[in-house]
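K.L.:
Could you have a look at this structure, given as structure tokens, before my questions?
FYI, it's all coordinate maths here, none of it is from the lab. Keep in mind it's a predicted model, so treat the numbers as computed, not measured. Cβ sites come from the backbone with ideal geometry, for glycine too, and all protein chains shown count toward neighbours.
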Amino acid sequence: MKLDTEIKFLKGVGQWRAERLKKLGIATVGDLLCYYPRAYEDWSNVVAIKDAPFGETCCIKAIVDRKPTAQKIRDGMTIFRTDVTDGECLMQITIFNSKYEAEKLIEGEELLFYGKVTGNTNFREMTSPSIEKAENGEVIRPIYSQTQGINSKLLVTLVARAFEMCSEELTDHLPVALRKKYGLLPYKSAVKNIHFPSDNQYLALARRTLIFEELLILQLGLLRLRGRSREFTNVRILKDFSNEFFSLLPFEPTGAQRKVISEIITDMAGELPMSRLLQGDVGSGKTAVAAAVIFSTYKNGYQSALMAPTEILAQQHYKTLHSILEGTGINIELLTGSTAAKKKKEIKAKLPSGEIQLIIGTHALLQDDVQFKSLGLVVTDEQHRFGVRQRAALGIKGNNPHTLVMSATPIPRTLALIIYGDLDISVLDEMPPGRKPVETYFVNSQLRKRAYTYVKKHINMGRQGYIVCPLVEKGETDLASAQGYMQELAQGFFKSYSVGLLHGRMKPREKNQVMSGFVGGEIDLLVSTTVIEVGVDVPNAVIMVIENAERFGLSQLHQLRGRIGRGSDRSTCILISDAQNGEAMRRLKIMTQTTDGFKIADEDLRLRGSGDFFVSGQHGLPVLKIADMLKDTTVLRRTNAAAAEIIASDSELRAQENKGLNVAIATLFKNINQAGFN
Ligand code: ADP
Ligand code: MG
């Protein structure tokens, strides 16, 4: 049996269970061995009955005094009772309704009881304990997260079997010297001890080993992605044309914008390609930064590509850049899925000939037949929508072009360093002048009409607004209700206004029509699902109502709210929710208290835990099985150093002792492509 053998072939699994195991992410025997316990029960630390702390879970070894008595009570329920003794003290065992458990209580048998002792010094009792035979029970037992049809006990059996059959294949990924240096277990021993620890010390060591290994592999993988693009480039941006660019802007750049632009252009003069993340909260003016860099690239004789995650955004960028750069001689085109065939053909001919100097588009830009004459710069906007791989894919099109990645997801800097380990970071830490924080209120649905009236009032004053309903188009029912809700608003309360509807199931062309209507001001009110989430910029929109606000995560609410408050006027956001649950209320309250993206991101991480944060795949990073980037910071510092050391001496991981690392990187990164466009 091999690690990549399908799980259905493991004895005791079969087709039916294999299907259920898939829900737990287990497709192969190897996956099963990497399905680590969620918790442990420590049965190895046996205490005497008289020493057992009241009300705390513990393990007691005792002999059954006599066969339990069965007593029927109401509702067909049976209570089984007996006494057990450890030679010093007596304890009563009570079992509800389980004949199976009660039958384990054979007179004179020595057993282990795992549970909570209650009672007092004269009378001790354990109710519904877990029971095991003493001779095979004094161990630390794993508890696994279960799913329907697969319980933790079954997983224990299966993992033990898989380990028995495959343990020889659990060879080390880490070089011996490294393992020694950091005091880690051999891989096989780590896997054994994470499932079936010999003792607590070994368990701790196994955890440390596997966390170390996972983080090291992650960081090495990211460093290698970066290393690949770090071959010399012949794209050198030697002259900075920023001042000329600033004279084209309808506003004065902020200090932060100036600083970041100069940082980027300095970077692009070097002989290694730039690989940089531009982080800036929603509304901080990242587009102008991109435009400045694109302008200098153009003036130095190179082409640029700007890639956005949605059609709407690509279109908006096209309009914005077109209007700023008009008259400078630069030829700009837009390439998306809905570009007409004839136009597409023309663009694909004019890029390799160099007649187009800036191409803006969606992932349509990644197609093989999109080729360039001299691609110097690749900008990707709202990067968390793209996987690490896609980012690299566009880079391949040029001769090591410079890459700039723009993200509005405010991640604490320490974390960003890891998540974007393959990038340098610039931060836009200043908002354009005159911005007022969006005033945010949290109301229940009884005040919905008043919220609508408030929206009307603003529209009557010539402003625009958004109403967001969270019904993402998963099933037909959801879609139907989203559409129903939209229709109702458009034909009811806002009948005499121009209302635009926007949802994910619309054709790109229909979406564009609505969006340009809103940008152009012909549409007063945009009723939409979350498709407006990212990047849309309409400064005249000053009011937003978010329905069922409790269904959104904090970061998502922040991104949504970022659509307003983009001009110098006061904006208002109204969160409607009837949530009673504590965590949801807390989230909404935080939204009313701050507009600081970094604070909100911190809270979001705290409330959700980094688990969810990364599982969602929103950063295009591999999903970790055991490490937690927020909590395992000490290990992280170590792996950081170790990874740098390894790459410094063997950047391609070609050395014999590093072969295992290569295999592990490939395995960890094999799924990230799926986290691409959504
Ligand atoms: P984001 O960083 O969210 O992509 P945008 O680039 O869309 O932000 O900019 C938000 C708004 O702020 C736009 O309307 C833009 O024209 C405006 N803006 C950007 N920089 C400045 C500035 N220095 N002064 C005034 N307005 C600015
Ligand atoms: Mg933007």
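K.L.:
Using only the Cα atoms of the range 439-594, build the gyration tensor, take square roots of its eigenvalues as a ≥ b ≥ c, and label the shape rounded, prolate or oblate: rounded if a/c is under 1.5, else prolate if a/b is larger than b/c, else oblate.
P.N.:
Rounded is the answer for the range 439-594, as its axis ratio a/c remains below 1.5.
K.L.:
Got a sec? How would ARG638, ARG207 order by Cβ neighbour count within 10 Å, fewest to most?
P.N.:
Fewest-to-most ranking of ARG638, ARG207: ARG638, ARG207.
K.L.:
For THR339, what is the net charge nearby, where nearby means another residue's Cβ is under 11 Å from its Cβ and Lys, Arg count +1, Asp, Glu -1?
P.N.:
In short, +3.
K.L.:
Let me ask something else. For VAL47, what is the net charge nearby, where nearby means another residue's Cβ is under 13 Å from its Cβ and Lys, Arg count +1, Asp, Glu -1?
P.N.:
Combined, the nearby Lys, Arg, Asp and Glu give -2.
K.L.:
Further, regarding this structure: May I ask you to sort SER247, SER516 by Cβ crowding, counting other Cβ atoms within 10 Å and putting the fewest first?
P.N.:
By the 10 Å Cβ count, ascending: SER247, SER516.
K.L.:
Another question, then. In whole percent, what relative contact order does the chain give with Cα contacts below 8 Å and a gap of six or more residues?
P.N.:
Relative contact order for the chain comes out at 13 percent.
K.L.:
Among the GluC sites (Glu not before Pro) in the range 165-251, which ones are in a DSSP loop with at most 11 other Cβ atoms within 10 Å of the Cβ? Mind listing them? Before the final figure, lay out the partial values.
P.N.:
Values: sites: GLU168, GLU169, GLU213, GLU214, GLU231, GLU244; in loops: GLU231.
Of the GluC sites (Glu not before Pro), the ones in loops of the range 165-251 whose Cβ has at most 11 other Cβ atoms within 10 Å are GLU231.
K.L.:
So, one more: Which length gain, in nm to one decimal place, applies between LYS625 and THR127 when the Cα-Cα distance is subtracted from 0.36 nm times their residue separation?
P.N.:
Separation in residues times 0.36 nm, less the Cα-Cα distance, equals 175.8 nm.
K.L.:
To make sure I understand the rule: partners must be lysines, Cα under 30 Å from the Cα of LYS133, and not fewer than 8 residues away in the same chain. Which ones qualify?
P.N.:
Excluding near neighbours in sequence, the set is LYS11, LYS50, LYS61, LYS67, LYS72, LYS99, LYS104, LYS116, LYS153, LYS188, LYS192.
K.L.:
Would you order PHE9, PHE246 from fewest to most other beta-carbon atoms within 10 Å of each residue's own beta-carbon?
P.N.:
Final ranking by Cβ density, sparse to dense: PHE9, PHE246.
K.L.:
Continuing with this model, one more query. Given an 8 Å cut-off on Cα distances and at least 6 residues of separation, report the relative contact order of the range 439-594 as a percent.
P.N.:
34
K.L.:
Extending each Cα 7 Å along its Cβ direction at GLU488 and ASP199, get the distance between those two points in nm, one decimal.
P.N.:
About 6.5 nm separates the two model spin labels.
K.L.:
A further question on this structure: GluC sites (Glu not before Pro), restricted to the range 14-94: which are DSSP loop and have at most 15 other Cβ atoms within 10 Å?
P.N.:
GLU56, GLU88
K.L.:
Using Cα pairs closer than 8 Å and at least 6 residues apart in sequence, work out the relative contact order for the range 45-138, in percent.
P.N.:
31
K.L.:
Also: Exactly which chymotrypsin sites (Phe, Trp or Tyr not before Pro) in the range 248-344 are in a DSSP loop and have at most 13 other Cβ atoms within 10 Å?
P.N.:
PHE251
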